[in-house]
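The values are calculated or read from the model by the stated rules, or taken from the named source; none is laboratory data. All of these numbers come straight from a predicted model, not from anything done at the bench. Surface areas here come from the heavy atoms of the whole protein model, side chains and all, with no ligands, DNA or RNA. Shrake-Rupley method; radii C 1.70, N 1.55, O 1.52, S 1.80 Å.
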Protein chains: 2
Amino acid sequence: MTSPAVSTRDLPHPARDEIRLEGVLHALSDPMRLRIVRELAAVSGELTCSHFDLPVTKSTTTHHFRVLREAGVVQQIYRGTAKMNGLRRDDLDGLFPGLLDALLDAAARQAVRLGSA
Amino acid sequence: MTSPAVSTRDLPHPARDEIRLEGVLHALSDPMRLRIVRELAAVSGELTCSHFDLPVTKSTTTHHFRVLREAGVVQQIYRGTAKMNGLRRDDLDGLFPGLLDALLDAAARQAVRLGSA
DNA sequence: CGGCTCGTACGATAGGCATCGTAGTACGTA
DNA sequence: TACGTACTACGATGCCTATCGTACGAGCCG
């Protein structure tokens, strides 16, 4: 090896300029993925895949994370056996200022509206 | 007839409380529908279905308008043979403040980024 | 080394959906 | 009434996708 990479495996991410609004909206139109993004935004850091306790199998969870990554919503890197996930907030805010916050706020409002008394 | 309705045909719309964020995002994740919404926002009024010159057949156009209506994004009423379409801006702004503007701004920025020099 | 955990890959399946074409309905007008 | 316009309904088609199960690979630990 010539470079001390974090891991031997690396994952394809779209460049900032390749991120499409339609793709982002489609990625966020799935309840599971919207939930993942909300949790990531709440901690404003990185989380492992296994941190999320979703009501689907691990195969499906992997699929959702890939959709989010390929849409440019999250960034993923391997760290040992774990895979860390983080929101691409800088890129999204740069491309679509205010959009992510508006989406998160909308999701939070809907959660309050539907989930509580 | 007991009521002077605008038309004999009426179209089912979701009530404001029934509008779901995921549905709105899904509706807007299609390029055709995003384009329709952008045009509606630009005129801030009502437009007929036939006003839109989309690169799809009229069947498909009807389908897209129905998706937008059932998601709660647009409101439709018959006026004679024409069907008028308008954004449900008040309802969307009430449920998700700032979201629609952020989405329209994001779409405009992407259009500039992709479409012009 | 042996096993354990985390995550992936692949195939299958079932459902959704964007698109089309054709046939039909509602409304206005000559 | 007869015709034209605006939109709809329905069926077909092909693609995408959310889900699962099983088998596998990569890295840690005893």
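The table below gives the values:
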item: Accessible area in square angstrom per residue, the stretch B:1-106, 1.4 angstrom probe; result: 53
item: In Å², nearest 10: area of B:Thr62 left accessible to a 1.4 Å probe; result: 80
item: Prolate/oblate/rounded label for the stretch A:1-106 (Cα gyration tensor, a/c 1.5); result: oblate
item: For B:Asp91, solvent-accessible area (1.4 Å; no DNA, RNA or ligand), Å²; result: 30
item: Gyration tensor (alpha-carbon) shape descriptor, the protein assembly as shown, a/c threshold 1.5; result: prolate
item: The stretch B:12-117 - percent of accessible surface contributed by carbon and sulfur, probe 1.4 Å; result: 52
item: Helix A:58-71 vs. chain A, principal-axis angle (Cα, 0 to 90°, nearest 10); result: 90
item: Shape call, the stretch B:31-92: gyration tensor on alpha carbons, a/c limit 1.5; result: rounded
item: Computed accessible area, B:Ser44, all protein chains, 1.4 angstrom probe, square angstrom; result: 100
item: Over the protein assembly as shown: helical MRE at 222 nm, DSSP H runs n ≥ 4 each giving -39500 (n - 2.57), nearest 500; result: -15500 deg cm²/dmol
item: The stretch B:8-58-the stretch A:36-69 distance, computed between alpha-carbon centres (Å); result: 31
item: Gaussian network model of chain A, Cα within-10 Å springs - most flexible of A:Glu18, A:Glu70, A:Glu46; result: A:Glu18
item: Whichever lysines have a C-alpha closer than 17 Å to that of B:Lys83, once near sequence neighbours (fewer than 8 apart) are set aside; result: B:Lys58
